[in-house]
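Below is one structure, written out as structure tokens, with a few remarks after it.
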Ligand code: BES
Ligand code: MN
Ligand code: ZN
């Protein structure tokens, strides 16, 4: 999709379909919708009276114009209750409009900026929300076969603003929204690509290519480099696979590291999680195919770094992504093994399926080298987070109040919800090992599996403000939701870009 800002009266725009909107309870629409209604001889008001056009949030009504307007179709999308109207309502309305346009087979769509007029929202933020939601909703999974990626997708989106004075703000929102959403789309493609293709090598090469395109520094550590750094816990997970592990470091503003605040983002990059010898069985085995998504954290980090570069954020941002496959072989780690990582602390492997926290342990240790103002890790870490929260919010664990506030603010601003979870000191007792410094799972104790996983990570943080986001429950949508069609969501990209954009020392 190619969103283009345009100063025009929506009634004059040529497109396969034009999108206008309606608040709930309005009988006589005003503004752009009123102008379209007038051109249609009051047909929208008639449909409202009939009860076929309700204004309920995300509800759509398709109307054919039969020559009354240059566009053959008008879509009225509901904005819901005016009292509860916000940017998230704008996103849902825009997404539902794109879904309906796809259904109608429209290739060229023009839309007004929901909320920028009577809605009273900041026009730049509203335009950004419309574009992000439209691109994210227009997504279709990559396909490896002979069929094309999708049946029906919108090719161009004209973002129409009547007021010439507001056009620059709208254009800026379109630019920012496009960068962020296209970054998330890049992550979705990597996540959805099968693990036999999207190996650690493939992901490292993708990161290198992307870095060269947008001007990031990219360093790829090979197995030997990681070994020389003492990353024995990361490499323990990698041992079972014939695919060589990679540890990718992406850096934005690397040459200005001394003058700018440093933020480190770390992402779990398990390209496939079989569980290892603690093999996934029963219910987990039936959905094992989905474990190609276990590198969502890493793909999200690539995407956030891409956006940071293209938005030219005044920060030194470092992305750390340990990439490997969790497999079974004669070289694989066993339950009961003990490994020493970069910090010198040792881990007893209770379950080889608790591999994400192991690779992140060395990434968090490495993060300390940058003397960061904050470290945020993203991971599809536990099934337990889904038991606690369902597919409604990712879990947030944080050792610093100010950092937690910043992340919760970014979550509220983007609609990518976070819910705070506890890091009580007593959880440490559950992962105390008889033979090593710590064990990688509290099993056979199953309670609070999500908190003990976070407690394990905390043990490897090195004196910086740190947050851990467990998004295992948010990373794959099935069924789809508005903005998140079925499949990889790249949840967390919009959230962390917002977090970085709002960073003030
Ligand atoms: N990648 C999984 C997390 C996961 C599990 C996501 C199920 C979605 C559904 C992670 O590596 C894992 O296997 N976690 C285990 C930890 C356990 C062995 C302590 C889990 O959550 O079952
Ligand atoms: Mn696992
Ligand atoms: Zn995993």
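I'd like to verify a number: residues in segment 72-100 that are within 16 Å of residue 13 (Cα to Cα) and either outside the structural domain of residue 121 (by TED's automatic domain parsing) or crowded, with 23+ Cβ neighbours inside 10 Å (or both), how many?
Total satisfying the criteria: 3.
How about segment 394-405: which of its residues are part of a helix (DSSP H, G or I), surrounded by fewer than 18 Cβ atoms within 10 Å (Cβ to Cβ) and either within 16 Å of ligand 1 (Cβ to nearest atom) or in contact (Cβ under 8 Å) with a residue 60 or more places away in the chain (or both)?
402, 404
Provide a single number: the residues in segment 366-388 that are within 9 Å of ligand 1 (Cβ to nearest atom) and either surrounded by 24 or more Cβ atoms within 10 Å (Cβ to Cβ) or part of a loop (DSSP other than H, G, I, E, B) (or both).
6
So how many residues does segment 348-365 have that are more than 13 Å from ligand 1 (Cβ to nearest atom) and either touching a helix residue (DSSP H, G or I) at 6+ places or on another chain (Cβ under 7 Å) or within 14 Å of residue 245 (Cβ to Cβ) (or both)?
Total meeting the criteria: 4.
Would you be able to tell me the number of residues in segment 130-173 that are part of a loop (DSSP other than H, G, I, E, B) and under 22 Å from residue 78 (Cβ atoms)?
3
Restricting attention to segment 427-453, report how many residues are in a helix (DSSP H, G or I), more than 15 Å from ligand 2 (Cβ to nearest atom) and touching a helix residue (DSSP H, G or I) at 6+ places or on another chain (Cβ under 9 Å).
Residues meeting the conditions: 4.
I want to confirm something. Restricting to segment 203-238 and keeping residues that are farther than 16 Å from residue 269 by Cβ and more than 25 Å from the chain's Cα centre (by Cα), which single residue is surrounded by the most Cβ atoms within 10 Å (Cβ to Cβ)?
Taking the candidates together, the pick is 232.
Residue by residue, here is whether (1) within 16 Å of ligand 3 (Cβ to nearest atom); (2) within 14 Å of residue 266 (Cβ to Cβ) holds:
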| residue | (1), (2) |
| --- | --- |
| 361 | yes, yes |
| 374 | no, yes |
| 388 | no, no |
| 404 | no, no |
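From (1) over 20 Å from residue 89 (Cα atoms); (2) outside the structural domain of residue 33 (by TED's automatic domain parsing), pick out the condition that doesn't hold for residue 140.
(2) is the only condition that residue 140 fails.
Against the condition in a loop (DSSP other than H, G, I, E, B), within 14 Å of ligand 2 (Cβ to nearest atom) and surrounded by fewer than 20 Cβ atoms within 10 Å (Cβ to Cβ), how does residue 391 come out, does it pass?
no
Residues in segment 336-354: is at least one within 25 Å of residue 501 (Cβ to Cβ) and either within 15 Å of ligand 2 (Cβ to nearest atom) or in contact with a strand residue (DSSP E or B) (Cβ under 7 Å, 6 or more places away or on another chain) (or both)?
no
Just name the residue that is surrounded by the most Cβ atoms within 10 Å (Cβ to Cβ) out of those in segment 261-297 that are more than 25 Å from the chain's Cα centre (by Cα) and part of a loop (DSSP other than H, G, I, E, B).
The extreme case among them is 276.
Please work out if residue 341 is closer than 21 Å to residue 276 by Cα and touching a residue at least 24 places away in the same chain (Cβ under 8 Å).
Answer is yes for this residue.
Pick out the one residue from 280, 239 that is in contact (Cβ under 8 Å) with a residue 12 or more places away in the chain, assigned by TED's automatic domain parsing to the domain that holds residue 342 and in contact with a helix residue (DSSP H, G or I) (Cβ under 9 Å, 6 or more places away or on another chain).
280
Take segment 331-347 and flag every residue that is assigned to a strand (DSSP E or B) and either surrounded by 20 or more Cβ atoms within 10 Å (Cβ to Cβ) or in contact with a helix residue (DSSP H, G or I) (Cβ under 7 Å, 6 or more places away or on another chain) (or both).
339, 340, 347
The values are calculated or read from the model by the stated rules, or taken from the named source; none is laboratory data. On a predicted model such as this, the values are computed, not experimentally measured, just so you know. Positions of Cβ are backbone-derived with ideal geometry, glycine not excepted, and every protein chain shown enters the neighbour counts.
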